[in-house]
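Below you'll find the structure, written out as structure tokens, and then a few comments.
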Amino acid sequence: MKDPYEVLGVPHGASDEEIKRAYRDLARKYHPDNYANNPLADLAQEKMKEINEAYDTLTKGGGSSSYSSSSSYSGSSYGGSSSTKFAEIRRLIQMGQLDKAEGQLDAMSNHNAEWYFLRGVIAQKRGWMDEAAQNFRIAVNMDPSNMEYRSALNNVSGGGYTYRQQQYGGMNQQDECCEMCQMLMCLNCLCNGCR
């Protein structure tokens, strides 16, 4: 991975506030919702992932002071062994080895936001949208600033409504109201950082 300061476009030694501001600006610019039905959607999603990783490195790695320009960041070197395990689980999921990835998650005692997010990804890949949404929701509640988690929740929630429409022959007023409330809550969470 590139230098996280470079990814966020801030100088080395930037304050936490400068890092947060840069992250918010980039997240608004590259959020996948801005690129729906756009040929650049895949690029925006990759850029958003890179931005999230850089932000996590600088904030969750013990603050911006914990990353020095001379350190070589390998994607799993910060945050200790649980970060390494999560990186391995992500790799297994990408390779389609869902049972093995799930087994490694089950063996972990650290059930943090990343744990629930990866649980959701596995459920989503298996087509279990309700379980995926539930896990993504927990991840978002535990780490509301993580745009990767929010994006996953938004994507699976939209898919859940499509499934419900097909299964029950359309949305009733309660479903439409729930969908509208969910969108408003997401917008509220995203725009609160704009103030």
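Observations on the structure shown:
- Residue ID - nearest to Glu102 (Cα to Cα), chosen from residues in the range 126-139 that are touching a residue at least 24 places away in the same chain (Cβ under 8 Å) and in contact with a helix residue (DSSP H, G or I) (Cβ under 6 Å, 6 or more places away or on another chain): Ala132
- Those residues of the range 116-157 which are among the charged types (D, E, K, R), over 21 Å from Asp33 (Cα atoms) and touching a Leu at 6+ places or on another chain (Cβ under 8 Å), in sequence order: Arg119, Arg126
- Matching residues, the range 109-148, being in a loop (DSSP other than H, G, I, E, B) and open to solvent by 20 Å² or more (accessible area, probe 1.4 Å): Ser109, Asn110, His111, Asn112, Arg126, Gly127, Trp128, Pro144, Ser145
- Residue that is open to solvent by 70 Å² or more (accessible area, probe 1.4 Å), among the hydrophobic types (A, V, I, L, M, F, W, C) and either modelled with pLDDT of 80 or more or in a loop (DSSP other than H, G, I, E, B) (or both), where the choices are Leu43, Leu58: Leu43
- The residues of the range 77-100 that are more than 19 Å from Glu148 (Cα to Cα) and either modelled with pLDDT of 85 or more or part of a helix (DSSP H, G or I) (or both), listed by number, are Ser81, Met95, Gly96, Gln97, Leu98, Asp99, Lys100.
The values are calculated or read from the model by the stated rules, or taken from the named source; none is laboratory data. Predicted model, so just to flag it, every value in this text is computed and none were measured. Cβ atoms come from the backbone with ideal geometry, glycine included; neighbour counts cover every protein chain shown. These accessible areas exclude ligands, DNA and RNA; they are computed on the full protein's heavy atoms, side chains included. Shrake-Rupley method; radii C 1.70, N 1.55, O 1.52, S 1.80 Å.
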